[in-house]
Amino acid sequence: MSDGKTVATEKSFYEEGTTKSPKGIKSWIFSTDHKRIGILYLCSIATFFVVGAILGILMRLELIAPGRTIMDAQTYNQTFTLHGVIMIFLFIVPGLPAIFGNFFLPIHIGAKDVAFPRLNLLSWWIYITGAFLALLAITMPGGPVDTGWTFYIPYSVRSTTNVSWAIFAAFVLGFSSILTGINFITTVHRMRAPGMTYFKMPLFVWSTYATAWIQVIATPIIAITILLLIIERFFGVGIFDPALGGDPILYQHLFWIYSHPAVYIMILPAMGVVSEIIPTFSRRTIFGYKAIAYSSLAIAFVGYLVWAHHMFTSGISDTARIIFSLLTFIVALPSGVKIFNWVATMYKGSIDPKPPFLWVMAFIFLFSIGGLTGLVLGSLATDIHLHDTYFVVAHFHYVMFGGTGTIFIAALFYWWPKMFGRMYNIKLANYTVVLYFIAFNTLYFPKFIMGYMGMPRRYYDYLSEFTTLQFISTIGSWLMAVAIFLIIWNLVRSLKTGRIAHANPWGGVTLEWQIASPPPLENFHEVPVITHEPYDFSQLKEMDYESK
Amino acid sequence: MSHENEKHENHSTGYGLYIIVWLALLGLTSITVTIAGIDLGSYTLFVALTIAAIKSYLVISIFMHIKYEDPIFKVFILISVLTLAVIFLLTYFDIIYR
């Protein structure tokens, strides 16, 4: 393995906290240390991910054969809604910014903490409150929501399930997102170390910064939409429901004006992580630093302008359809810029295929499929055929899970030694990537074919010609369950039995690799002065890094 | 950071301006309510939004003190307003041609 310069004498943030006692539950849930808050988020978000994944596996089990298998139709509707709500609002939207953004953004720019540490803690508490409300929506009389995670009108006005509670939970969660966004924007503007100019910031910071802007500008729109829906449900005011004189397409506009940029809240930080991992394991500076930084901003901006591509078959005007289809194609450009720059970074690099790098390779493959099938859906003619079929389900799982989900795991494997000071089993992690990749494609690729053949999404039952592909997909879900179990087992086990990690196990050069693993409470003993470009690997010599 | 903030906090506008703005907001609200009873045809929405925009400007620049802040905050607000304007424009492409 490799070795880095270690500072073994100092106390880590685990031994020193911001509360009176550095140990015990209170030292965590009332800590204003950005690293502890990041780990609080990690524990909560990982828990919800496992719940969401179990629901997904149960859905796949129901679909293993036509007709009823393990649940009735109403339970199935509630299961897929809950799966969507948990995965979107509790896992993938907060996932990367709240965990890794919190932990690494201040370190990356040479700061002691975020700009507003107490606001940061409040964000976590609001997140937990929102999650608690979502839990209430499941357990209260009326039963879990059955509308699908999009809460489309008019059904969501008329459904007798706990729609109001569930959307109120989403409303509360939105505030957590907004506060985190404000915190990150301010941190990037005001807390950078001397010499850390905008174009010396690591690309993870750039993408988290772009994400923060979307969080701040887009999230209020869903908040207002949710309030309007609650007003409609409680007071019968005709806003969206046509029976009351409302416009159901207006709801779809407002919902997607937030929810499409939200897709970029999910994927942009993931792209930032990729831009960190590839240079580290290629031992080469990133190709096209500025192009990647600007493309993050471009994605954040153009991402606002494409929302109605979710609504091509809803009855919007032809003019709008053509404009939104064109804009959708434009958003593919900055995404393409990133993919080509990553690949160019690897070209003639000294590739070190460690687990984080292998996860990124899986990401590039899966995300490219997800992105390109997005263009199929962005074309008006093909979308008419494929809208609301399994093709869409496959597409967004390739983007969300294959993209953000895979990078969530990559980020865990990349930064785990830094966060916890322990190294996991590398060999097992390598095998897991292969298993995950096979499982992923077995689970989701058949859905592209089924969608093309006409299998509608969210249906409880299906025609016999889909049986084989549905069966293969369910087998994939079992393989995926094994892969996820192995990831969690490998990481959790390393906390006890993993060998002590060095300050710089991978040979990275961004600031987090220049401090101890795990970092001390205020990250740096003295404020760092930045003189190098972010991915200047000539620094490794200065850092006394030796690789074997 | 704190020094710069103090500089802005020290800026005093007096109560007079706040009362004038408050009266202006009340006046604009009553105009909105009055106009709601008059049929302006296709201009209804335009007039309502214009009045709302003027009210927002007054609140943001005077009550929220943005008028006296650094240019960076004005840029931030401008980006948000532009985003909103583009969202409105794109939505109209559906509403007008539907």
| query | Taking Cα atoms, how many degrees apart are the long axis of helix A:406-420 and the longest axis of chain A, rounded to 10 and kept between 0 and 90? | reply | 30 degrees
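Helix hunt in chain B: which complete DSSP H runs extend at least 20 Å axially by C-alpha with mean Kyte-Doolittle at least 1.6? Mind showing how you got there, number by number?
On the way: long enough: B:14-36 (34 Å, 1.80); B:44-58 (22 Å, 1.69); B:71-97 (39 Å, 2.14).
Helices passing the filter in chain B: B:14-36, B:44-58, B:71-97.
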| query | Using a 1.4 angstrom probe with every protein chain in place, what is the largest-first accessible-area order of A:HIS260, A:HIS83? | reply | A:HIS83, A:HIS260
| note | Extension length gain for A:THR468 and A:VAL527 (0.36 nm per residue less Cα distance), in nm, is 15.2 nm
| note | Amide H proximity to A:ARG422 below 5 Å, modelled H, separation 5+ or other chain, gives A:ALA501
| query | Which angle from 0 to 90°, rounded to the nearest 10, does the C-alpha axis of helix A:467-497 make with the longest principal axis of chain A? | reply | 30 degrees
| query | GluC sites (Glu not before Pro) within the range A:496-541: which are DSSP loop residues with at most 12 other Cβ atoms inside 10 Å? | reply | A:GLU526
| note | With only helices counted (DSSP H, runs n ≥ 4, each -39500 (n - 2.57)), the per-residue ellipticity at 222 nm for the protein assembly as shown, to the nearest 500, works out to -22000 deg cm²/dmol
| query | To the nearest 100 Å², how much accessible surface do chains A and B cover up together, summed over both, with a 1.4 Å probe? | reply | 1600 Å²
| said: Skipping prolines and chain starts, which residues have an amide H placed within reach, meaning under 5 Å, of the one on A:THR389, given they are 5 or more residues away or on another chain? | reply: A:ARG457
| query | What does the accessible area of A:TYR459 come to, in Å² to the nearest 10, when a probe of 1.4 Å is used? | reply | 120 Å²
| query | How would you classify chain B from its alpha-carbon gyration tensor, with a ≥ b ≥ c the square roots of the eigenvalues: rounded for a/c under 1.5, else prolate if a/b is greater than b/c, otherwise oblate? | reply | oblate
| query | So which of A:LYS348/A:LYS496; A:LYS35/B:LYS67; A:LYS200/B:LYS55; A:LYS290/A:LYS496; A:LYS338/A:LYS447 end up more than 31 Å apart by C-alpha? | reply | A:LYS348/A:LYS496; A:LYS35/B:LYS67; A:LYS200/B:LYS55; A:LYS290/A:LYS496
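If you take each beta carbon of peptide A:187-194 and count the beta carbons of other chains within 10 angstrom, what is the mean?
On the way: counts 0, 0, 3, 2, 1, 0, 0, 0.
Rounded to a whole number, the mean comes out at 1.
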| Which sequence of A:THR75, B:THR34 reflects their accessible areas, 1.4 Å probe, from the largest down? | B:THR34, A:THR75
| How large, in percent, is the carbon and sulfur part of the accessible surface of chain A at a probe radius of 1.4 Å? | 70 percent
| message | Given an 8 Å cut-off on Cα distances and at least 6 residues of separation, report the relative contact order of chain A as a percent. | response | 21 percent
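Could you give the accessible area per residue of the protein assembly as shown, probe 1.4 Å, as a whole number in Å²? Could you put the intermediate results ahead of the total?
On the way: 27330 Å² over 646 residues.
Per residue, the protein assembly as shown has 42 Å² of solvent-accessible surface.
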| task | Identify all aspartates and glutamates with a Cα-Cα distance to A:LYS541 below 17 Å; exclude those on the same chain that are fewer than 8 residues away in sequence. | result | A:ASP3, A:GLU512, A:GLU533
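May I ask for the net charge around A:LEU486, where only other residues with Cβ less than 12 Å from the Cβ of A:LEU486 are counted and Lys, Arg are +1 while Asp, Glu are -1? Could you put the intermediate results ahead of the total?
Details: positive: A:LYS427, A:ARG493; negative: none.
Taking every other residue near A:LEU486 into account, the sum is +2.
Sort the protein assembly as shown into rounded, prolate or oblate with this rule: let a ≥ b ≥ c be the square roots of the eigenvalues of the Cα gyration tensor; rounded if a/c is under 1.5, and if a/c is not under 1.5, prolate when a/b is larger than b/c, oblate otherwise.
Details: a/c = 1.69, a/b = 1.14, b/c = 1.48.
Oblate, because a/c is 1.5 or more while a/b does not exceed b/c.
When only C-alpha pairs under 8 Å and at least 6 residues apart count, what is the relative contact order of chain B, in percent? Before the final figure, lay out each step's value.
Working: 20 pairs, mean separation 27.1, N = 98.
With pairs under 8 Å counted, the relative contact order is 28 percent.
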| query | What's the average, rounded to a whole number, of partner chain beta-carbon atoms within 10 Å of each residue's beta-carbon in B:76-85? | reply | 3
| request: Quick one: angle between helix A:73-85 and the longest Cα principal axis of chain A, in degrees between 0 and 90, rounded to 10, please. | output: 30 degrees
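The values are calculated or read from the model by the stated rules, or taken from the named source; none is laboratory data. Computed from a predicted structure; not experimentally measured. So basically every Cβ, Gly included, is an ideal-geometry build from the backbone, and we count neighbours across all protein chains shown. Surface areas here come from the heavy atoms of the whole protein model, side chains and all, with no ligands, DNA or RNA. Shrake-Rupley method; radii C 1.70, N 1.55, O 1.52, S 1.80 Å.
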